Structure formats: structure tokens, C-alpha cells
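This report concerns only the one structure given below.
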Amino acid sequence: MTATSAERPSLDETVLSGLSPDLVPGVSVEVVAQAPSTNALVVERARAGAPEGLVVVTEHQTAGRGRLDRTWETPPRSALTFSVLLRPTAPTRSWPWLPLLAGYAVDKALKAAGFRAGVKWPNDVLIGDRKVAGILVERIETDQGPCAVVGIGINVGLGADELPVPTATSLAIEADGGAVPDRTALLVDVLASLRESYDAWQAGGDLAGMRLAESYADACVTVGREVRVDLPDGSVLTGMATAIDPSGHLVVAGPERQVAVGAGDVVHVRAADGHGAS
């Protein structure tokens with residue numbers, strides 16, 4: 001049964017505005033009642049000089065954007081929809097890791113909440129073969145230098161009749177009558193997880209890159225499956241997804257050779273059996 005608006009509590013702004021630096025360092029959370037896109041709001045603030053760590057979360061996103069310019073709207077207070085401003089000092093060549101480490105951070109928080117989640121390369125989080133969360137990272141040029149806006153959307157309280165697509169799910173559905181995570185507490189957990197992953201990535205070095213690749217690969221449900229990769233030129237790559245390399249590329253063992261593809265190089269990555277389509 002779908003929850004009514006009255007049964008969906010608001011985010012606790014008092015808790016979010018008073019986050020301890022020991023819990024989530026360097027973060028400032030702003031809650032807005034409604035927004036077309038939290039990424040668009042954070043882009044504006046970034047260009048106006050906002051510092052790293054700004055988080056904008058909305059109770060009702062009316063024109064959310066995903067990869068390939070997909071848009072959607074969710075009922076008020078049914079999802080956790082927010083964007084984080086980062087100003088990385090890591091080399092630009094390492095930035096393709098940002099959507100992966102954001103997905104890994106969400107996956108880690110959901111697993112800690114008791115859900116059997118997994119990351120689907122490059123930037124979705126699944127429970128089973130159904131998408132529960134998506135990530136959109138945008139690189140923005142500002143007067144203070146380039147920055148990244150990390151948008152995250154997690155389906156929390158949506159009922160089956162409210163899902164944006166049949167291949168989606170929500171924490172409420174997966175809880176199967178059990179407790180659904182409080183959105184405020186879940187946001188804090190995801191931000192703490194994201195900060196930890198981001199700081200490790202920022203530290204750089206080959207060892208950090210190898211550890212991140214290994215941790216992500218362990219959580220990645222794409223690795224070890226036969227996949228179909230649709231490329232922008234219309235061609236298709238099929239084969240076994242065997243690894244995530246230190247650059248964050250998906251390594252696919254095709255019929256003739258092994259190919260590493262980046263997130264920006266693909267249109268879709270699907271399991272060859274059709275499950276887990278992006």
C-alpha cells in the first residue's frame with residue numbers, strides 16, 4: 001500500500017543544520033521544500049563561489065535529471081534527493097572515479113541499513129536487479145576553478161504504483177513490511193560514507209587507486225556477468241565483465257580481445273540476459 005503524504009515525515013532540518021564535524025566533516029546542508037533539480041541549484045551556488053561541502057536536499061524534486069538527459073518526478077517526501085558540491089584537487093584524469101565512488105558510498109550506507117544492495121557500473125545502485133538509486137555527476141567551471149556536482153537520488157518511500165519505471169524499486173518495497181530507514185538518518189549516513197570515500201580518493205597514489213578499485217569491484221554486481229555494452233557510434237560490445245581497472249573503467253573480455261570502457265564512452269550497459277538494464 002502506498003503511504004499518504006501525511007505518513008511521510010519531513011527531513012529534520014535541526015539535525016541536518018547541526019551536523020557534528022566529527023560525524024561528517026566539512027559539510028553544510030540546506031533543505032529546500034521544492035526544486036526542479038538539486039544539481040541545478042548547486043551549479044548556481046558553485047558559480048557564485050560556494051565552498052566545497054555544500055549539500056542541497058529537496059523534499060520534492062519536480063524535474064530530476066539523470067544520464068542521457070532522462071527526467072523524472074517523485075511524490076513529496078518519498079525519496080532522498082540531494083546534490084553535493086566538491087572541489088577536488090585530484091588530477092583531472094582521476095575524476096571519472098567520482099560517480100563510481102558516490103555509488104559505492106550509497107551502496108555501503110544501504111548495506112549498513114540491512115539492504116542487500118550492489119552497485120551497477122558505472123553509477124546505479126541496485127537491490128536484486130532493480131534500481132533503487134542513481135547518480136549524476138557534472139563537472140562545472142567556476143572562477144575558483146573546476147568543481148564537481150554530485151547528484152544522488154534514492155527511492156525511499158515510494159510504493160509500487162509510484163515507481164518511475166518497472167525496473168525500479170524502493171527501500172519501502174524491499175523492506176517488505178519492515179522498518180523503512182528514516183530519510184534524515186540515511187542522508188547523514190550516505191554523506192559520512194561519501195566523505196570517507198572521497199577523502200581516500202583525494203589522497204591519491206597507486207595504492208589508494210588499487211584499494212578503491214578493489215572495494216568497488218567487490219560491491220559491483222556487473223563484474224562477473226556477461227554484459228552488452230551499447231556504444232555511442234551504434235556498435236555493441238558483448239562479453240564477460242571481468243574487472244574494474246585503477247582508472248575506474250569496466251574491463252570486458254570480448255570474443256576477440258579485452259576492452260576497457262569508461263562511463264563517458266557508453267550509452268547503456270546491460271546484463272546479457274536483459275536484467276539490470278540501465
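Just so you know, all these numbers are worked out from the coordinates, no wet-lab data involved. Computed from a predicted structure; not experimentally measured. For neighbour counting, all protein chains shown are included, and Cβ atoms are generated from backbone atoms with ideal geometry for every residue, glycine included.
From the Cα gyration tensor of the stretch 92-246, with a ≥ b ≥ c the square roots of its eigenvalues, which class applies: rounded if a/c is under 1.5, or else prolate if a/b is larger than b/c, or else oblate?
Cα axes put the stretch 92-246 in the oblate bin.
Matching the structure-derived Cα extents along the principal axes in Å against the labelled list [x] 50, 48, 42; [y] 56, 47, 32; [z] 50, 41, 36 gives the label [y].
Remark: the stretch 128-141, residue by residue, has Karplus-estimated 3J(HN,Hα) of x, 9, 10, 7, 10, 8, x, 10, 9, 10, 10, 8, 10, 8 Hz, where x stands for each Gly or Pro and the curve is 6.51 cos²θ - 1.76 cosθ + 1.60 at θ = phi - 60°.
Skipping prolines and chain starts, which residues have an amide H placed within reach, meaning under 5 Å, of the one on A168, given they are 5 or more residues away or on another chain? Placed amide hydrogens put K131 under 5 Å from A168.
Beta bridges per DSSP, both residues in the stretch 54-173: antiparallel share near 95 percent.
Residues in the stretch 142-154 carry Karplus couplings, in order, of 10, 5, 8, x, x, 9, 10, 10, 9, x, 10, x, 10 Hz; the curve used is 6.51 cos²θ - 1.76 cosθ + 1.60 with θ = phi - 60°, and Gly or Pro positions show x. Compared with the direct C-alpha span, the chain from L23 to E7 gains 2.9 nm at full extension, assuming 0.36 nm per residue. Under 12 Å of direct C-alpha separation, and excluding same-chain neighbours fewer than eight residues apart, K108 reaches these aspartates and glutamates: D189, E196, D218. For the stretch 94-167, the list of trypsin sites (Lys or Arg not before Pro) that fall in a loop by DSSP and count at most 10 other C-beta atoms within 10 angstrom reads R116.
For the stretch 209-278, what does the alpha-carbon gyration tensor say about shape, rounded, prolate or oblate, given a ≥ b ≥ c as the root eigenvalues, a/c under 1.5 as rounded, and a/b over b/c as prolate? It is prolate, given that a/c is not under 1.5 and a/b is the larger ratio. Distance from the C-alpha centroid of the stretch 7-30 to that of the stretch 221-256: 39 Å, rounded to the whole angstrom. Farthest toward the positive end of the dipole of the chain, out of H60, V223, G178, is the Cα of V223, where the dipole comes from beta carbon charges about the Cα centre.
Note down the relative contact order for the chain as a percent, whole number, built from C-alpha pairs under 8 angstrom at least six residues apart. Relative contact order comes out at 16 percent. Computed from label points 7 Å out along Cα-Cβ, the spacing between E196 and D161 is 4.0 nm.
DSSP beta bridges fully contained in the chain are about 85 percent antiparallel. When the chain is described by a simple charge dipole with +1 on each Lys and Arg Cβ and -1 on each Asp and Glu Cβ, the residue from V132, G248, I154 located farthest towards its positive end is G248. For the chain, complete DSSP H runs whose alpha carbons reach 15 Å or more along their own long axis and whose mean Kyte-Doolittle score is -0.5 or higher are 97-112, 183-203, 206-219.
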